[in-house]
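**Student:** Could you have a look at this structure, given as structure tokens, before my questions?
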Amino acid sequence: MDGSLVPSTAVAIRQLRRRYAELGLDPAADLAPAHRALSPSDFGLHNALRADDGRLRFIDFEYFGWDDPVKLVSDTAIHPGSDLPEAGANRLIERLSRAFEAGDDAFAIRRDVLYPVFGAIWCLIVLNAFLPESRSRRALVAQGGDLTVRLAGQLDKARRLHQTICQRDPDLTPR
């Protein structure tokens, strides 16, 4: 955490602030309604069922709502539950970006500076297993599984996710 995730996240936040300041954008301002998209937020095959006719049915829209499409693109590409291969994630980002860039000149800029921030958030979500309240809840769900093995798996998952995020932006890699 201290040697890689914390420093890379600090760099990502500095880059976001610097880029937004250069463009005169306020990172805390609401996005114009014309640039928002309906987003399931927790979108991925882990929240899908295949129907008898072969079509996918998406379920679990607990966080569904209007959001920056950058979050939709980032969450869909990064979500650790989807296990999307890097080539597939890149293809998804490219295709969705083309669609959203057509109506939003600042989309690519926001995507480039927000993607690593959303990546850091997902790393922290994966690491929630280390929180005592999460461990007790998950232990019940796992029906007595080995906590040490579970935590080691979550740490490894967070490390791999962080590495993938840093590969997209070499400036994030701690020196």
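The values are calculated or read from the model by the stated rules, or taken from the named source; none is laboratory data. None of the values given here were measured: they were computed from a predicted structure. Cβ: placed from backbone, ideal geometry, glycine included. Neighbour counts: every protein chain shown. Note: accessible area is taken over every heavy atom of the protein model, side chains too, but ligands, DNA and RNA are not part of it. Shrake-Rupley method; radii C 1.70, N 1.55, O 1.52, S 1.80 Å.
**Student:** For the stretch 1-53, which residues satisfy the criterion of being of a type in the set (A, V, I, L, M) and assigned to a loop (DSSP other than H, G, I, E, B)?
**Tutor:** Passing the criteria: 1, 25, 28, 29, 31, 32, 51.
**Student:** Can you go through 2, 60 and tell me which one is on the phi > 0 side of the Ramachandran plot, without any contact (Cβ under 8 Å) to a residue 40 or more places away in the chain and over 14 Å from the mean Cα position of the chain (by Cα)?
**Tutor:** Going through 2, 60 in turn, the sole match is 60.
**Student:** Of the residues 86, 94, only one is closer than 22 Å to residue 170 by Cα, exposed (fewer than 13 other Cβ atoms within 10 Å of the Cβ) and modelled with pLDDT of 90 or more; which?
**Tutor:** Unique residue meeting the criteria: 94.
**Student:** For the list (1) at pLDDT 90 or above; (2) under 23 Å from residue 14 (Cα atoms); (3) touching a helix residue (DSSP H, G or I) at 6+ places or on another chain (Cβ under 7 Å), I need the number of the one condition that residue 75 fails.
**Tutor:** The number of the failed condition is (1).
**Student:** For the stretch 148-171, which residues satisfy the criterion of being under 13 Å from residue 9 (Cβ atoms), of a type in the set (A, V, I, L, M) and over 16 Å from the mean Cα position of the chain (by Cα)?
**Tutor:** none
**Student:** Do we find a residue being among the acidic types (Asp, Glu), under 23 Å from residue 169 (Cβ atoms), open to solvent by less than 60 Å² (accessible area, probe 1.4 Å) and not in a helix (DSSP H, G or I) anywhere in the stretch 66-73?
**Tutor:** Yes; the residues of the stretch 66-73 include at least one that is among the acidic types (Asp, Glu), under 23 Å from residue 169 (Cβ atoms), open to solvent by less than 60 Å² (accessible area, probe 1.4 Å) and not in a helix (DSSP H, G or I).
**Student:** Looking only at the stretch 128-150, decide whether some residue is under 26 Å from residue 88 (Cα atoms), modelled with pLDDT of 85 or more and not basic (Lys, Arg).
**Tutor:** No.
**Student:** Would you check if residue 28 is exposed (fewer than 12 other Cβ atoms within 10 Å of the Cβ), without any contact (Cβ under 8 Å) to a residue 24 or more places away in the chain and closer than 16 Å to residue 105 by Cα? Full working, then the answer.
**Tutor:** Details: exposed (fewer than 12 other Cβ atoms within 10 Å of the Cβ): yes; without any contact (Cβ under 8 Å) to a residue 24 or more places away in the chain: yes; closer than 16 Å to residue 105 by Cα: no.
For residue 28, the condition - exposed (fewer than 12 other Cβ atoms within 10 Å of the Cβ), without any contact (Cβ under 8 Å) to a residue 24 or more places away in the chain and closer than 16 Å to residue 105 by Cα - is not met.
**Student:** Any chance the stretch 45-60 includes a residue that's out of contact with any Cys (no Cβ under 9 Å at 6 or more places or on another chain), open to solvent by 60 Å² or more (accessible area, probe 1.4 Å) and within 29 Å of residue 171 (Cβ to Cβ)?
**Tutor:** no
**Student:** Counting only residues that are closer than 24 Å to residue 58 by Cα and over 12 Å from the mean Cα position of the chain (by Cα), which one in the stretch 99-130 is most open to solvent (accessible area, probe 1.4 Å)?
**Tutor:** 99
**Student:** Let me ask you something else. Restricting to the stretch 31-57, give me the number of residues that are touching a residue at least 12 places away in the same chain (Cβ under 8 Å) and touching a helix residue (DSSP H, G or I) at 6+ places or on another chain (Cβ under 9 Å).
**Tutor:** Summing the residues that are touching a residue at least 12 places away in the same chain (Cβ under 8 Å) and touching a helix residue (DSSP H, G or I) at 6+ places or on another chain (Cβ under 9 Å) in the stretch 31-57 gives 11.
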